[in-house]
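First comes the structure, then the notes that go with it.
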Amino acid sequence: MTSSGTRDHVAGGRRAVRSVRRLFEPPSYLRGGRVLWASAGLSLVFGLLMLPYAFVVIGDLAPDRRAWAQGIGIAYVAFSLLFVALGETRSWIARMSMCVTLLALGAALVLFMGIQNAWVLVFALCVIIAFTRTAFAGSVVVVVVAALAVAAFTTGVIGETLSELLLLSSVGVAMILFIRLVEANAELRRARDRIAAFAVVEERERFARDLHDILGHSLTTITVKTGLLRRILENSGRETEAAEAREVELIARQALADVRGTVSGYRVTTLAGELAAAGTVLRSAGIEGRLPQAVDDVHPEARELFGYVVREGITNAVRHSGARELEVRLGRDWVVVKDDGPGRGPIRKGNGLRGLEERMAEKGGTLSVGRGPDGGFLLRAELPAAHDDGAKDEDTR
């Protein structure tokens, strides 16, 4: 195989891994734990209602099958609770392993209890639906119901299993709709927060613009006129009047500098605003952007600085990268901007990156610039975690 063929094969494998990883990334609505406890509560209530029936079914089994069913049932319940406890983990390998293990235990329990008791799979479906993305959860429901239907038809018990199939289908659809409702509410809350933040930023910008246009223009005129008066008085030999005019000119210049400083302070950079602007800029440049939907997990003290990082990363991608896709990832005290541009060589730092390094250094942070595993541009900024409250989120680099 040629070297180019090997690179294409490796690149294809990495794209496949990224696709699987995105498939098993935790949904954004898991923040806050409301879905976690809702899912656990629904599963617990359903389990308590079905527990007497499960005891009867297991008690009617042969002794050897009963022992297996009891052991697998205990492991199944324990793993369901473990999935609920670890459902928010960001490790896609752990999430994929939990999904596969939970379905395998549920299938094994159905095998020993009989396909007529396929209702036990409702625990696995509820947990998987609550803690995975909707597209994946819907696929799992379809595959499980279809596999049970084929198995029931093959063994000739489709009539006895029909109620179980309807139960699994209805519960799966109901859970998916419930999760979609929760996700929609979470999106609405984030949109409301972004609108409020944008309204504040827009008002600050309007006030700064009006302040600069009105007061700044007047002070500039006063400064110029006073300077002209001072020079006329100096040329006329009227030193006393010229000294007074000089003082007025200095006061006017200082007032103008104060106004400009105030205006600069009002024109702040926000991380939410930069992400919103990034979507528009990337679409205009024909670049697919994968951007965070919220900045709630980022430490408040880091948001303004990370806004500058996102702006610089987006600017470099649009101007120089030739990329087709760009991704921004956020953590509590770190941000990563990377694209899939064709660049392979060393990166030369321009004024923007050097200025960004200085900003990070002032805050005690670090800025790293380089190439990603597949080439392209990779920009990572990280602040010290000393101000953190102890909650360390995982950096899925």
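The values are calculated or read from the model by the stated rules, or taken from the named source; none is laboratory data. Bear in mind that the values here come from a model prediction, so they are computed numbers and not experimental data. Positions of Cβ are generated from backbone atoms using ideal geometry, with glycine treated the same way; all protein chains shown enter the neighbour counts. Quick note on the areas: whole protein, heavy atoms, side chains included, nothing else; ligands and nucleic acids left out. Shrake-Rupley method; radii C 1.70, N 1.55, O 1.52, S 1.80 Å.
Below are the figures for this structure:
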read-out: Test: residue in region 265-273 that is at pLDDT below 80 and open to solvent by 60 Å² or more (accessible area, probe 1.4 Å); value: yes
read-out: Among (1) touching a Leu at 6+ places or on another chain (Cβ under 8 Å); (2) at pLDDT 85 or above; (3) not hydroxyl-bearing (Ser, Thr, Tyr) - the single one Phe83 does not satisfy; value: (2)
read-out: Residues (under 16 Å from Thr134 (Cα atoms) and either outside any helix (DSSP H, G or I) or without any contact (Cβ under 8 Å) to a residue 24 or more places away in the chain (or both)) located in region 152-177; value: Ser170, Ala174, Leu177
read-out: Members of region 30-75 that are modelled with pLDDT under 65 and among the β-branched types (Val, Ile, Thr); value: Val35
read-out: Hey, Arg180 open to solvent by 70 Å² or more (accessible area, probe 1.4 Å), farther than 28 Å from Phe55 by Cα and not in a helix (DSSP H, G or I) or not; value: no
read-out: When residues of region 112-162 are limited to those that are of a type outside the set (A, V, I, L, M, F, W, C), over 33 Å from the mean Cα position of the chain (by Cα) and over 22 Å from Ala62 (Cα atoms), the one least open to solvent (accessible area, probe 1.4 Å); value: Gly159
read-out: Residues of region 53-93 satisfying the condition of being among the polar types (S, T, N, Q), under 18 Å from Val122 (Cα atoms) and open to solvent by less than 40 Å² (accessible area, probe 1.4 Å); value: Ser80
read-out: Count of region 74-98 residues which are touching a residue at least 40 places away in the same chain (Cβ under 8 Å) and under 19 Å from Val110 (Cβ atoms); value: 4
read-out: Residue in region 113-126 that is of a type outside the set (Phe, Trp, Tyr), touching a Pro at 6+ places or on another chain (Cβ under 6 Å) and touching a residue at least 12 places away in the same chain (Cβ under 8 Å) present; value: no
read-out: Scope region 278-295; condition surrounded by 15 or more Cβ atoms within 10 Å (Cβ to Cβ) and under 17 Å from the mean Cα position of the chain (by Cα); matching residues; value: Ala278, Gly289, Leu291, Pro292, Ala294, Val295
read-out: Exclusive hit being modelled with pLDDT of 80 or more, aliphatic (A, V, I, L, M) and more than 26 Å from Leu177 (Cα to Cα), set Ala151, Ala104, Ala137, Ala124; value: Ala151
read-out: Residue check for Val295: β-branched (Val, Ile, Thr) and in contact with a Phe, Trp or Tyr (Cβ under 9 Å, 6 or more places away or on another chain); value: yes
